[in-house]
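J.: Would you mind keeping the following structure in view while I ask a few things?
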Amino acid sequence: MKRITLISLLFVFVIKFNFLSAQDSDVLLTINGSPVFKSEFEQIYWKNKKENIATKEDLDEYIGLFKNFKLKVTAAEELGLDTVNKFITELQGYRVQLEKPYLVDTSSNESLIKEAYYRTVNEISASHILVKVDANASAKDTLLAYEKISSIRRNITNKKYSFKEAATKFSEDPSAKRNGGYLGFFGAFRMVYKFENACYNTNVGEVSMPFRSQFGYHIIEVHQTRKGRGKVKVAHIMVSTKEDDSEQKKANNEKKINEIHAKLLNGESFKDLAVEYSDDRNSARKGGELDWIQSSGSYYKEFENAVFSLENNNDISTPFLTPAGWHIVKRLDYVPLGDFKSLKNELKMKIQKNVRSEISKKTFISKLKKEYSFSENLEKLAPIYKLINNKGFGPNLVLENKKKLENVLFSFADSSYSQFDFAQHLARTKSRNMGELESYVNNKYKNYVTGKLMAFEKSRLEIKHPDFKALLKEYRDGILLFEISDQMIWSKAIKDTTGLKNFYNNNKNKWMWEDRLELEVFSSSDKKAIKKAYSLKKKGKLKNDSILNYLNKDSQLTIKFEEGKKNKSDLSFLKSVKISSGINKPFTFENKFYLVNYIKEIPSSPKEIHEAEGAITAAYQEYLEKQWLNELKNNYKIEVNYDVLYSIVNKPN
């Protein structure tokens with residue numbers, strides 16, 4: 001978590017840096033004589049600054065943080081942390097992500113974004129039938145699958161079967177047996193791109209022509225279109241129910257949710273009932289409130305349909321069941337889908353992670369070919385078709401035929417690639433199931449060319465795009481900062497148990513318990529139930545669980561029980577009464593009845609390490625960081641050129 005937070009605070013993906021034209025002579029500071037340029041400081045300074053003006057006071061504050069940052073990174077470099085395999089692998093992983101915006105065609109990407117927006121704001125419902133065929137199937141198997149799906153389509157269009165009947169009878173999608181091929185409503189990014197395209201290119205009420213995806217051949221029937229549903233904010237009350245619960249427990253759970261719903265109809269607070277009864281404890285603490293819900297498949301279909309069917313804020317649903325249990329939802333707020341401008345960046349990021357990015361990639365490759373004077377000799381593939389047809393095809397056979405494979409297949413920039421180069425690649429990456437050999441070779445060749453062009457372009461990104469170079473350096477330094485901080489602060493604080501114990505002993509009064517009471521508390525809105533609990537408790541024959549089960553036999557909401565050590569300040573219901581040791585007589589507070597068994601008072605005292613481990617460890621880490629920074633400042637000579645620093649004053653970004 002620390003790593004993600006650090007990097008997200010320091011870095012964003014793609015930005016334009018106004019300072020990149022700064023001269024390298026603008027040395028802001030030196031560490032043991034090694035220069036750090038003003039451009040690097042400005043890069044981070046402007047990114048983390050909300051206002052667009054630099055003041056002397058801001059710069060004085062920020063230069064201190066920047067010096068600490070650079071000292072830590074320098075220490076990491078001197079320890080060689082930038083040479084270990086873990087660092088190299090991680091940085092390469094980030095580089096792969098950072099490269100993506102520079103390896104697509106901007107204009108075609110814009111068209112894809114507009115298409116995705118249209119399909120986000122216009123959802124579609126459809127059914128499908130699948131006939132499976134492997135992506136590398138032989139021509140014979142491919143034809144058989146195509147003929148089968150075509151035959152199914154003819155039977156539908158000739159009215160022999162309805163689409164649903166045909167899906168149930170013939171579809172090789174296992175779910176079709178129970179849903180008749182129906183997929184419900186969906187929009188952009190919910191289905192594979194070829195499937196999505198087919199759905200949006202088919203008119204409502206029509207059956208598409210067969211089309212192929214990586215799963216096989218499909219036909220689809222489009223049922224309806226509707227506007228995207230935007231996002232909704234709701235609160236919910238949940239009574240958890242599992243499939244393997246006993247029938248009695250399932251019945252009790254249904255009874256409980258209906259009793260809660262009855263209380264809502266009688267005007268009781270949704271928020272209070274969620275706090276008291278909801279089994280979703282994460283949301284219960286917030287009165288049942290959930291994060292914004294979009295029509296995106298994030299929740300069970302039954303849940304999404306229920307929340308989007310509420311028409312007005314403060315509307316409350318009737319109880320409904322999902323695989324998670326029983327729910328009641330209350331609509332708190334609703335926001336329709338945003339306009340193109342507001343959704344553009346989100347859609348752009350989704351496209352980068354989606355197969356549709358291949359479209360802009362193809363256009364980008366065409367531009368690279370033109371930029372780097374790409375030329376090819378496709379007729380020179382003929383010997384390779386012949387070679388791969390040999391049963392013994394592999395690295396050894398390629399090597400034996402090296403002298404016959406010397407012709408250039410393609411070239412660009414200052415590089416050329418021969419038949420032998422490509423044949424070696426084929427031998428190394430040979431698939432078990434190659435299908436039709438000439439098509440296989442052609443596809444491998446196309447991918448090989450693309451790979452070489454992209455690798456060359458990636459090697460030139462730092463030269464062509466100074467902003468990419470600067471951003472990659474930020475990630476590099478961010479990883480080093482994390483690793484050195486982990487070694488010197490975070491992990492050290494956890495592993496150094498002796499140091500932690502000594503630190504705690506010297507500072508234990510910083511972590512104090514309030515005055516506490518150890519109690520058992522029964523509470524209820526039913527005065528008779530509390531009186532009965534008091535009677536049973538005084539007799540002392542039944543345990544608390546038995547009393548609870550007895551009093552809740554007709555309703556799970558009759559009485560509630562809690563026990564443990566509680567801060568005095570949290571026990572608001574005791575402020576108006578004076579209690580004594582043992583079982584106290586029932587009393588009323590804010591229209592609720594309470595029965596308290598007062599066990600003992602626990603005076604304020606220091607918390608033990610295990611009782612405040614998180615806070616104590618965090619304080620120890622802060623202490624270690626201060627000690628370490630003092631050492632770094634003593635070990636490294638750091639000098640700041642304040643004339644260069646203050647040249648940023650009043651310079652808008």
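J.: What's the number of the only condition in (1) of a type in the set (S, T, N, Q); (2) over 14 Å from Ile220 (Cα atoms); (3) surrounded by fewer than 14 Cβ atoms within 10 Å (Cβ to Cβ) that Thr157 fails to meet?
T.: (2) is the only condition that Thr157 fails.
J.: Given the structure, is Asn591 on the phi > 0 side of the Ramachandran plot and among the polar types (S, T, N, Q)?
T.: In short, yes.
J.: I would also like to ask the following. Hey, among the residues in the stretch 62-105 that are free of Cβ contacts under 8 Å to residues at least 40 places away in the same chain and assigned to a loop (DSSP other than H, G, I, E, B), which one's farthest from Val649 (Cα to Cα)?
T.: Checking each candidate, the answer is Val84.
J.: I'd like to verify a number: residues in the stretch 519-535 that are buried (at least 19 other Cβ atoms within 10 Å of the Cβ) and without any contact (Cβ under 8 Å) to a residue 24 or more places away in the chain, how many?
T.: Qualifying residue count for the region: 1.
J.: Separate question: With (1) of a type in the set (S, T, N, Q); (2) under 24 Å from Asp272 (Cβ atoms); (3) more than 44 Å from the chain's Cα centre (by Cα); (4) modelled with pLDDT of 90 or more as the list, and Asn591 as the residue in question, which single condition is left unmet?
T.: With (1) of a type in the set (S, T, N, Q); (2) under 24 Å from Asp272 (Cβ atoms); (3) more than 44 Å from the chain's Cα centre (by Cα); (4) modelled with pLDDT of 90 or more applied to Asn591, the lone miss is (4).
J.: When the stretch 309-332 is examined, which residues are found to be touching a residue at least 60 places away in the same chain (Cβ under 8 Å) and loosely packed, with under 13 Cβ neighbours inside 10 Å?
T.: If the condition is that a residue be touching a residue at least 60 places away in the same chain (Cβ under 8 Å) and loosely packed, with under 13 Cβ neighbours inside 10 Å, then Pro323 is the only one that fits.
J.: So, in the stretch 353-362, of the ones that are part of a helix (DSSP H, G or I) and surrounded by fewer than 17 Cβ atoms within 10 Å (Cβ to Cβ), which residue ends up modelled with the lowest pLDDT?
T.: Glu358
J.: Further question: Only one of (1) surrounded by 14 or more Cβ atoms within 10 Å (Cβ to Cβ); (2) under 24 Å from Lys361 (Cα atoms); (3) charged (D, E, K, R); (4) modelled with pLDDT under 95 is not met by Glu457, so which one is it?
T.: (4)
J.: Only one of Thr497, Thr450 is modelled with pLDDT of 95 or more and of a type outside the set (Asp, Glu); which?
T.: Among Thr497, Thr450, only Thr450 is modelled with pLDDT of 95 or more and of a type outside the set (Asp, Glu).
Matching residues to (1) surrounded by fewer than 16 Cβ atoms within 10 Å (Cβ to Cβ); (2) modelled with pLDDT of 95 or more; (3) small (Gly, Ala, Ser); (4) not assigned by TED's automatic domain parsing to the domain that holds Leu629:
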| site | (1), (2), (3), (4) |
| --- | --- |
| Gly33 | yes, no, yes, no |
| Ser39 | no, no, yes, no |
| Tyr45 | no, no, no, no |
| Ile53 | yes, no, no, no |
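J.: Among the residues of the stretch 256-263, is any more than 30 Å from Asp315 (Cβ to Cβ), touching a residue at least 24 places away in the same chain (Cβ under 8 Å) and in contact with a His (Cβ under 9 Å, 6 or more places away or on another chain)?
T.: No; the residues of the stretch 256-263 include none that is more than 30 Å from Asp315 (Cβ to Cβ), touching a residue at least 24 places away in the same chain (Cβ under 8 Å) and in contact with a His (Cβ under 9 Å, 6 or more places away or on another chain).
J.: Check off (1) touching a residue at least 12 places away in the same chain (Cβ under 8 Å); (2) farther than 30 Å from Lys501 by Cα for Lys568 and give me the number that stays unchecked.
T.: Here Lys568 clears every test but (2).
J.: Something else about it: List, please: which pairs have Cβ atoms under 6 Å, are six or more places apart or on different chains, and start with a residue in the stretch 182-196 that is closer than 16 Å to Ile113 by Cα and end with one that is surrounded by 19 or more Cβ atoms within 10 Å (Cβ to Cβ) and of a type in the set (Val, Ile, Thr)?
T.: As it stands, the answer is Gly187/Thr120; Ala188/Thr120, since those pairs meet every condition given.
J.: Further question: Checking Lys469 against (1) in contact with an Asp or Glu (Cβ under 8 Å, 6 or more places away or on another chain); (2) more than 29 Å from Asp414 (Cβ to Cβ); (3) not assigned by TED's automatic domain parsing to the domain that holds Phe420, which single condition isn't satisfied?
T.: Just one mismatch for Lys469, condition (2).
J.: May I pose another question? On the given criteria, is Lys651 on the phi < 0 side of the Ramachandran plot, modelled with pLDDT under 95, basic (Lys, Arg) and surrounded by 12 or more Cβ atoms within 10 Å (Cβ to Cβ)?
T.: yes
J.: Do you know which of the residues in the stretch 199-244 that are of a type in the set (Ser, Thr, Tyr) and within 26 Å of Ala145 (Cα to Cα) is modelled with the lowest pLDDT?
T.: My answer is Ser213.
J.: Quick test for you: out of Lys140, Lys160, pick the one residue that is of a type outside the set (Gly, Ala, Ser) and not in a loop (DSSP other than H, G, I, E, B).
T.: When all the criteria are applied, what remains is Lys140.
J.: Could you please find all residues in the stretch 553-570 being surrounded by 17 or more Cβ atoms within 10 Å (Cβ to Cβ) and more than 12 Å from Ser523 (Cα to Cα)?
T.: Result: Gln556, Lys566.
J.: Sticking with this one: Are any of the residues in the stretch 154-167 modelled with pLDDT of 95 or more, touching a strand residue (DSSP E or B) at 6+ places or on another chain (Cβ under 6 Å) and of a type in the set (D, E, K, R)?
T.: No; the residues of the stretch 154-167 include none that is modelled with pLDDT of 95 or more, touching a strand residue (DSSP E or B) at 6+ places or on another chain (Cβ under 6 Å) and of a type in the set (D, E, K, R).
J.: Tally up the residues in the stretch 586-604 that are surrounded by 14 or more Cβ atoms within 10 Å (Cβ to Cβ) and touching a residue at least 40 places away in the same chain (Cβ under 8 Å), please.
T.: 10
J.: Under the condition of being touching a residue at least 12 places away in the same chain (Cβ under 8 Å) and not in a loop (DSSP other than H, G, I, E, B), which residue from the stretch 367-377 is surrounded by the most Cβ atoms within 10 Å (Cβ to Cβ)?
T.: It comes out as Leu368.
J.: Restricting attention to the stretch 378-420, and to residues there that are polar (S, T, N, Q) and assigned to a strand (DSSP E or B), which single residue is nearest to Tyr445 (Cα to Cα)?
T.: Restricting to residues being polar (S, T, N, Q) and assigned to a strand (DSSP E or B), the top hit is Ser418.
J.: Is there a residue being over 24 Å from Asp279 (Cα atoms) and not in a loop (DSSP other than H, G, I, E, B) anywhere in the stretch 538-553?
T.: So far as the stretch 538-553 goes, yes, one or more of its residues are over 24 Å from Asp279 (Cα atoms) and not in a loop (DSSP other than H, G, I, E, B).
Each row is one residue, and each column tells you yes or no for (1) modelled with pLDDT under 95; (2) in contact with a Gly (Cβ under 6 Å, 6 or more places away or on another chain); (3) outside the structural domain of Lys626 (by TED's automatic domain parsing); (4) not small (Gly, Ala, Ser).
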residue	(1), (2), (3), (4)
Val398	yes, no, yes, yes
Asp414	yes, no, yes, yes
Gln419	no, no, yes, yes
Phe422	no, no, yes, yes
Arg428	yes, no, yes, yes
Asn433	yes, no, yes, yes
Arg476	no, no, no, yes
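The values are calculated or read from the model by the stated rules, or taken from the named source; none is laboratory data. Everything quoted here is computed from the prediction, not taken from an experiment. Because the Cβ atoms are built from the backbone with ideal geometry, glycine has one as well, and the counts that use them run over all protein chains shown.
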